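One structure below.
No lab work stands behind these numbers, since they all come straight from the coordinates. Source: prediction; values computed, not measured. Heads up, the Cβs are rebuilt from the backbone with ideal geometry, glycines too, and the neighbour counts pull from every protein chain shown.
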Amino acid sequence: MRIAKTPAAIQRLARIWKQDGVRIGFVPTMGYLHEGHASLIRVARRRVGTAGKVVVSIYVNPTQFAPNEDLSRYPRDLPRDLRMCRAEGVDAVFLPSDAVMYPGRDAGGYSTYVVEERLSLGMEGGSRPTHFRGVTTVVAKLFNAVLPDIAVFGAKDWQQAAVIRRMTADLNFPLRIEVAPTHREPDGLAMSSRNVYLNPEQRAQAVVLSRALRECRRRVARRRIPATELRNQVMAMVSACSAARLDYVEFFDPDTLEPVARVGKGSRMALAVFFGHTRLIDNGGL
Ligand code: AMP
């Protein structure tokens, strides 16, 4: 497994592979890898085949964190991540530093950002106004470094995948975006690097996100239901958990992300819930 630490180094590898007609599958991550990430790596491998190359990037991108967020304490375990990548048959890991991604950012030496202006406004963008600007910027930079033919994102971050898909089309990146299903713990909690922050009480109550999804799915299975009614029900479910505080719950069209007033099969739902300082998100098709 190769390790590249600069955009130039991973581009060099990618160009050599491409000269031989080899396809490149790419999985961007912030590390502290779990089974959800592994499932994305396997999707990438299936898409490019045994003759293809799979690249994983591990980079905790500072520009997608607001000053009050968890950048400095975001969990990290590089040795374990590299072991997992090796075990999954990853061909190369791109491991850039802040200094190579944003040279001189604090001293005004970096000043270019990519902004999506529609899909990124609601939900996560509403709660974290500068978040998607950081995401689209870093993903554009990663695409330019890794030169992938396909890139795999998780349905766990549905809005992010929609924003990236739009950016990829709008900016003519010559690659395909794949979205892979959400991997869950046995009790339904979506796997996330941030789950490690939860204390036992919070961890027990965190199942409320997937329970809310299941309950709404059950309710709209036979007839359409006003979004306000479902929202009230989710608010009640979350209020019943002493350690939880609802940030938002939205019902929307899965492609346009436009809110729907009457929720039915085919609509999608997303929610964000705080447990102390930890903010968990989940979403699912109804
Ligand atoms: P992160 O390292 O959390 O930024 O996530 C990197 C990629 O893995 C993103 O495309 C996420 O959507 C995806 N991902 C994170 N958690 C899961 C999960 N539980 N199941 C599937 N994909 C996930």
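Numerical summary
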| item | result |
| --- | --- |
| Residues whose placed amide H lies under 5 Å from that of T182, excluding near-sequence neighbours | A155, K156 |
| Residues with amide H under 5 Å from that of F26, placed H, sequence gap 5 or more | V55, I150, A151, V152 |
| For the chain, built as a Gaussian network whose Cα springs stay under 10 Å, the top-fluctuating residue of A107, A221, A14 | A107 |
| For segment 2-180, with +1 on Lys and Arg beta carbons and -1 on Asp and Glu, the positive-most of M123, L82, Y110 along the dipole | L82 |
| Net charge over other residues, Cβ less than 14 angstrom from the Cβ of K141 (K, R count +1; D, E count -1) | +1 |
| Peptides ranked, highest mean first, by Cβ atoms within 10 Å: ranges 7-13, 122-128, 259-265 | 122-128, 7-13, 259-265 |
| Cα gyration tensor shape for segment 34-78, rounded if a/c is under 1.5, else prolate or oblate | prolate |
| Point-charge dipole on Cβ atoms (K/R +1, D/E -1) for the chain, about Cα centre, debye to 20 | 720 |
| Net charge contributed by nearby residues that have their C-beta within less than 9 Å of V207 (K/R +1, D/E -1) | 0 |
| For segment 154-177 and segment 101-125, distance of Cα centres in Å | 16 |
| Placed amide H near I3: partners under 5 Å, 5+ positions off or other chain | V93 |
| Cα-centred dipole magnitude for segment 204-286, charges only on beta-carbon of K, R (+1) and D, E (-1), debye, nearest 20 | 440 |
| Segment M235-N68, length gained on full extension (0.36 nm per residue, minus Cα span) | 57.6 nm |
| Cα pair distances exceeding 14 angstrom across segment 193-280, given as percent | 62 |
| Length-normalised contact order of the chain in % [C-alpha pairs under 8 Å, at least 6 apart] | 18 |
| Among 91-101, 176-186, 141-151, the order from most to least packed when residues are scored by Cβ within 10 Å on average | 141-151, 91-101, 176-186 |
| Considering only the chain, percent of DSSP beta bridges that pair antiparallel, nearest 5 | 50 |
| Prolate/oblate/rounded label for segment 62-206 (Cα gyration tensor, a/c 1.5) | rounded |
| Cα gyration tensor of the chain - equivalent ellipsoid semi-axes, whole Å, descending | 33, 20, 19 |
| Local net charge near R262, Cβ-Cβ under 15 Å (Lys/Arg +1, Asp/Glu -1) | +3 |
